[in-house]
Every structure is written in structure tokens, then in C-alpha cells.
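The values are calculated or read from the model by the stated rules, or taken from the named source; none is laboratory data. Quantities reported herein were computed from a predicted structural model and do not represent experimental measurements. Don't worry about glycine lacking a Cβ; one is built from the backbone with ideal geometry, like all the others, and counts go over all protein chains shown.
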Amino acid sequence: MPFTLASRTGKMNPSVIREILKLTEKPGIISLAGGLPSPRTFPVDAFARACASVLQSDGAGALQYAASEGYGPLREAVAAQLPWDVDPAQVLITTGSQQGLDLVAKVLLDAGSRVLVETPTYLGALQAFAPMEPVVQAVPSDDEGVDIAALAAGVGSGADKARFLYVLPNFQNPTGRTMSEARRAALVATAAERGLPIVEDNPYGDLWFDAPPPAPLTARNPAGCIYLGSFSKVLAPGLRLGYLVAPHAVFPKLLQAKQAADLHTPGFNQRMVAEVLQGGFLERHVPTIRTLYRQQRDAMLAALEREMGGLGVSWNRPAGGMFLWLRLPQGMHAVDLLPLAVERGVAFVPGAAFYAGDADAHTLRLSFVTASAAQIDTAIAALADAVRALALAPTL
């Protein structure tokens, strides 16, 4: 018999990024598209030792079903490393921070309810929210983040009040921008005044290059925020380990949604990470990631300066993270540039995919962390050649 699909599946769409990543499987393609951490940063030896230790000390327990909340010592470690007072009972270990977004959507959104997001915003969040069929409203944003006046005007009231604001304050995906201290203070104050919850996503906050970013939004108003974190960018994404920190009032429903989704995040992975974290491992390991990524960011900035002169292209200078945001001149669209770039051996992500409202077709995202400095030089030269070719292409 034929299957009848739920109406909500009409809101589900494939990831544009995952589709573009298929292009990178072609021989000779240098990918500046994916948001993948550099495999050079994965602490393989540390995990080999942790794996042996976990299996030797309590292999049966590590391989058994586990508590839905997460492994106790890992929850305690997460709470201890956050820069505000966190009860470990508020920490829910998730199967990647992407699952945290899914759980938040299931618990806080109804069909037709409104959610506010930055402009642009993380594509994966839009995908996680979509099955709940909300109305996603983009809030105008600038280089410092959300426009506070526009946010205040967009909160609404009564049945039309937005359920929450989703925001990435640190080295944002896709733009790489960081919210200033003044903007953070104003945002938290405005949200508290209007009774607007904040969902703060912070997978990149430890990847600063010259100075750490300002304190998290959640540290300023823990009762009004849900905080999402990840081990993917500081350890390895294949572990699929993230976490959320939620106020006690909403935590039980997030836990119930987690139980329905997968019972628990793999206990063996949790125990390995808890083992690796002992003895201040991240304090020693993360600086090596920062050094590598800073070098690769600098290589991309130098290549852009060298290759894009006179082409009318502009870009930002991210202070951390993995991404750089580039803007093409008026009349030139990133989706038209992509096939020309692929022909020349380089792939990127058109920026339009990251917009909840009207998209800026002139933008694109470049990742600088997986390609070597030499590959970045080659890729940016190829991208500049594609820009020149598009500028000369006849228009219909």
C-alpha cells in the first residue's frame, strides 16, 4: 500500500550544504563549502587511551543502556566549565547540538507560532524548526548582530508573541561575526523586558584567535535562556556529542522529548569524552586549534587581498570560528557563480540558503579550516577567475 506522508514533511527540505558537499567528491575540487572541523585537530591518541581505559574500568556499564539525562560525570564537567553558576541537573547531553535544536523546537513551537532569528542565520536551525511548522521571522542584523530596535518591534504580544529568539553570538555560522558587549547587554535587557526567551547556540565560542568573546547571553539571564554547546568543534564531530543547559522549569519537557527521540546519547562516547576531559585536556588542546585556524584565516584573507582586487568583492575579518562572509558586486549572484567556480575546482556555499526572509543573493560563505594554506591560495585564485568570468557573461 502507498504511504501517506504527514503534511509537515512538506516543510522538510534537504540541506543545501549537504547537496553542495556532493560536488566536492569530484576529483580535483577544493572545498571551501563544508562546516567541517579540520581532521588535523582530532585528538586520536587521547581517544585511543580513553577507549582502553573506559573498557577496562567498566566496559559492561559503558556498553549498556544509560540515563537519558546523560552520564553524570560528563554533566558535571560541562557545568563546571561554563562561566556562570550551573547546576549539573540543568545539563542535558544531546546527540550533537543539532539534536538540541530539534528538542527545543518540539518543546517550544506549535504550528503557526512565531520564532525570531538573526539575518542571516544557521541553516541547520531553520531545518530543525521547520517540521514544527512555525512562522520564522528574520530580525534585521548588522556586523554586531541583531538590531535591538527591530527586535523589540518584532516580539509581539498575546497569542502572536514570539516563542523565542534564536541567536549565535560568537563567530556566527554563516557570517563569522561576533556580537559586541554593548549589543549583548542591550539584547538581554530587551528580551527580559519583553519576556522573550533566548535560545543561545555557541558551538564556536572557544575558537577565538586573539581574545575571547564577551560573556554568553545566558550568563546574564540564566532563567530566560536555553544554552546549546557542542564537543564537535573542540574534540571531534563523529562523536555526536553536544549539550543544552535549560532552566529547571523547562528541563523536564526537553528530557521527555529526548527520551522519545533516542532514549539516550551513546553512553560509551560520553564516558570516553569524560575520560579525555580529565586533567585540563581542553585547556591544552584548544589553543592548538586556535593557532591552526588563525593561520588558515590569515591565509584566506591574504589570498582575497591578492586575487580579488578591482573586482568589487568585499569580505569581513572574523575574529574566530571557521567561516568568512563574502559579498559579490550588485548584479552578480552567488548561485550563478557556483557552477563556474566548480568548473575551476573550488566549491562554496551561496549565502541565500541562510536567510529566513528575503535572501541576499550576492553573498556566499567560505570555510577556511579544512583546506591547507596552499589549497586556499589555489582556491581563491580560481574563485577570482570565476568572478571575472561571471562579470563577462552575457545577461538575458
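So the values come out like this:
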{"quantity": "Residue match in the stretch 144-163 (condition: of a type in the set (A, V, I, L, M), surrounded by 23 or more Cβ atoms within 10 Å (Cβ to Cβ) and out of contact with any Gly (no Cβ under 9 Å at 6 or more places or on another chain))", "calculated": "yes"}
{"quantity": "Selected residue [out of contact with any Gly (no Cβ under 8 Å at 6 or more places or on another chain) and farther than 19 Å from Gln99 by Cα] from Ala261, Ala246, Ala236, Ala186", "calculated": "Ala186"}
{"quantity": "Odd one out for Thr265, checked against (1) farther than 28 Å from Phe47 by Cβ; (2) touching a strand residue (DSSP E or B) at 6+ places or on another chain (Cβ under 8 Å); (3) not in a helix (DSSP H, G or I)", "calculated": "(1)"}
{"quantity": "All positions within the stretch 39-70 that are small (Gly, Ala, Ser) and part of a helix (DSSP H, G or I)", "calculated": "Ala46, Ala48, Ala50, Ala52, Ser53, Ser57, Gly59, Ala60, Gly61, Ala62"}
{"quantity": "Lone unmet requirement of (1) free of Cβ contacts under 8 Å to residues at least 60 places away in the same chain; (2) in contact with an Asp or Glu (Cβ under 8 Å, 6 or more places away or on another chain) for Ser53", "calculated": "(1)"}
{"quantity": "Hits in the stretch 137-170 (condition: at pLDDT 95 or above, of a type in the set (S, T, N, Q) and part of a loop (DSSP other than H, G, I, E, B))", "calculated": "Asn170"}
{"quantity": "The stretch 4-40, residues that are at pLDDT 90 or above and either closer than 20 Å to Pro174 by Cα or not charged (D, E, K, R) (or both)", "calculated": "Ile29, Ile30, Ser31, Leu32, Ala33, Leu36, Pro37, Ser38, Pro39"}
{"quantity": "Residue check for Val146: within 22 Å of Gly321 (Cα to Cα), in contact with an Asp or Glu (Cβ under 8 Å, 6 or more places away or on another chain) and aliphatic (A, V, I, L, M)", "calculated": "yes"}
{"quantity": "The one condition in (1) in the same structural domain as Ala77 (by TED's automatic domain parsing); (2) under 23 Å from the mean Cα position of the chain (by Cα) that Arg297 fails to fulfil", "calculated": "(1)"}
